[in-house]
Amino acid sequence: MKEQIENIRREIEETLSARTDMTGKELYALKMEYLGKTGKISALSKGMRDVAPEDRPAVGKLVGEVRQWAEKRFAALEEEIGRRELSAKIASEKIDVTMPAKFRETGSVHPVTLVRRELIDIFSGMGFDVFEGPEIEKDYYNFQALNIPADHPARDMQDTFFITEDFLLRSQTSSGQIRVMENKKPPIKVLSPGRVYRSDSDATHSPMFHQMEGLVVDKGITLNDLKGMLDEFARRMFTGETKVRLRPSYFPFTEPSVEVDLSCSACGGKGCRICKGTGWIEVLGAGVVNRRVLENCGIDPDVYTGFAFGMGLERIAMIKYGIGDIRLLFEGDVRFLKQFKD
Ligand code: DAH
């Protein structure tokens, strides 16, 4: 028995001195091998049963000693390894605050989207609903019902992409007016945003761009209502001082028709590079809905009247943000796009 005890002591000592790089886990496993419930030292205590009664006190003392010795030996090592592992952990998690920070790019909203959202916000505040019509449209909705029959010279105002004789890529969101009036009787107050297409491309024209159409139909609607609404729109979209000017114009679907100018918000109307020295910037077309258009939709023009307006969102964005070339809005250059924040 005495020999057995000495062997265990030696065994522990040899293992520990051979393996100085043990991890805390390995040390624990080794400790259990000796001091665990079924460990070798615990087995010694159980073996006491077989020791002659007269030898038991002496052997018992030896077993107690080796247990105490082993416990101390393991405890000391545990502390040492614990300390070593902790400092390794601290070293590996050390943060160098002088390193450049990791940068997470966040996206930004496209300026045309910003303008569309703002317009919808302004007009829905005035009670407008939103209707979105199809981009592939019938000639009927894009032209005929809007009082532009085949061969009408007004067709040349827009260089249209035809798909077949009857179908085209809509050249104006005005087509939405017809779709709305066909399905809803007055009072109507609707906004119709969307993409439109024209065979046109230069610094201020793009073959695909966005428009926002507005339509109000009810009893007793006049050009005055249009003017009042535009005043409010201009103040909210640009500045509180922005003024609205109507100039006579021609659109087949409105009578009278007007072109709407806003006083230049860059120079306050004095004249600058942006307004080409005139103090005014043309932003949209509008007018009183032509009787023929109401009739085409089954609305009695002797009972109801209305006004309509249509504007280009890219144009509004260019004016609002001082963008000189429309192509910047379509190139997707992040350096340009990230300048616009909600
Ligand atoms: N659709 C016209 C265009 O694209 C803009 C327009 C003018 C819309 C007058 C209207 C309007 O609703 O009344 O040039």
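See the values below:
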read-out: Reachable lysines, given that their alpha-carbon falls under 28 Å from the alpha-carbon of residue 102 and they are not under 8 places away in the same chain; value: 89, 94, 338, 341
read-out: Residue 50 versus residue 333: modelled label distance in nm, points set 7 Å from Cα along the beta carbon direction; value: 9.1
read-out: Lys, Arg +1 and Asp, Glu -1 on Cβ, resulting dipole of the range 200-326 about Cα centre, debye, nearest 20; value: 540
read-out: Extension gain, residue 185 back to residue 274 (0.36 nm per residue minus Cα-Cα distance, nm); value: 27.9 nm
read-out: Lys/Arg +1, Asp/Glu -1 at C-beta; the chain dipole; positive extreme among 86, 173, 152; value: 86
read-out: Nearest 10 degrees, 0 to 90: helix 24-35 Cα axis against the chain principal axis; value: 30
read-out: GluC sites (Glu not before Pro) restricted to DSSP loop in the range 162-240 with at most 10 other C-beta within 10 Å; value: 165
read-out: nm² value of the averaged projected area, convex hull over the Cα atoms of the chain; value: 34.0
read-out: Backbone HN-Hα couplings from phi across the range 181-190 [Karplus 6.51/-1.76/1.60, Hz, Gly and Pro as x]; value: 5, 5, 9, 9, 8, x, x, 10, 8, 9
read-out: Solvent-accessible area, 1.4 Å probe, carbon plus sulfur percent, for the range 2-92; value: 55
read-out: Isolated Cys residues of the chain, judged by Cβ distance under 4.7 Å to other cysteines; value: 297
read-out: Label-point separation, residue 130 to residue 202 (7 Å along Cα→Cβ), nm; value: 3.3
read-out: Cleavage-rule hits, chymotrypsin sites (Phe, Trp or Tyr not before Pro), the range 84-134, DSSP coil, Cβ neighbours within 10 Å at most 12; value: 103
read-out: Å² of accessible area per residue within the range 1-154, as computed with a 1.4 Å probe and no ligands counted; value: 68
read-out: Environment charge at residue 209 (Cβ cut-off 10 Å; Lys +1, Arg +1, Asp -1, Glu -1); value: +1
read-out: DSSP-assigned coil residues among trypsin sites (Lys or Arg not before Pro) in the range 87-135, each with at most 10 further Cβ atoms within 10 Å; value: 94, 102, 104
read-out: The chain: calculated mean residue ellipticity at 222 nm from DSSP helix runs of at least 4, using -39500 (n - 2.57); value: -12500 deg cm²/dmol
read-out: Karplus 3J(HN,Hα) series, Hz, for the range 60-68 with 6.51 cos²θ - 1.76 cosθ + 1.60 (x for Gly, Pro); value: x, 5, 4, 4, x, 5, 5, 5, 4
read-out: Largest-first ellipsoid semi-axes for the range 2-92, taking √(5λ) over the Cα gyration tensor eigenvalues, angstrom; value: 32, 11, 10
read-out: Charged-residue dipole, Cβ positions (Lys, Arg, Asp, Glu), the range 2-92 about Cα centre, Debye nearest 20; value: 260
read-out: Exposure ranking of 261, 333 by accessible area [1.4 Å probe, largest first]; value: 333, 261
read-out: Where 315, 10, 335 fall by accessible area, highest first, once all protein chains stay in place (1.4 Å); value: 335, 10, 315
read-out: About the Cα centre, charge dipole magnitude for the range 111-340 (Lys/Arg +1, Asp/Glu -1 at Cβ), debye; value: 840
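The values are calculated or read from the model by the stated rules, or taken from the named source; none is laboratory data. All of these numbers come straight from a predicted model, not from anything done at the bench. A quick note on method: Cβ atoms are made from the backbone with ideal geometry, for glycine too, and the neighbour counts reach across all protein chains shown. Side chains included, ligands, DNA and RNA excluded: accessible areas come from the protein's heavy atoms. Shrake-Rupley method; radii C 1.70, N 1.55, O 1.52, S 1.80 Å.
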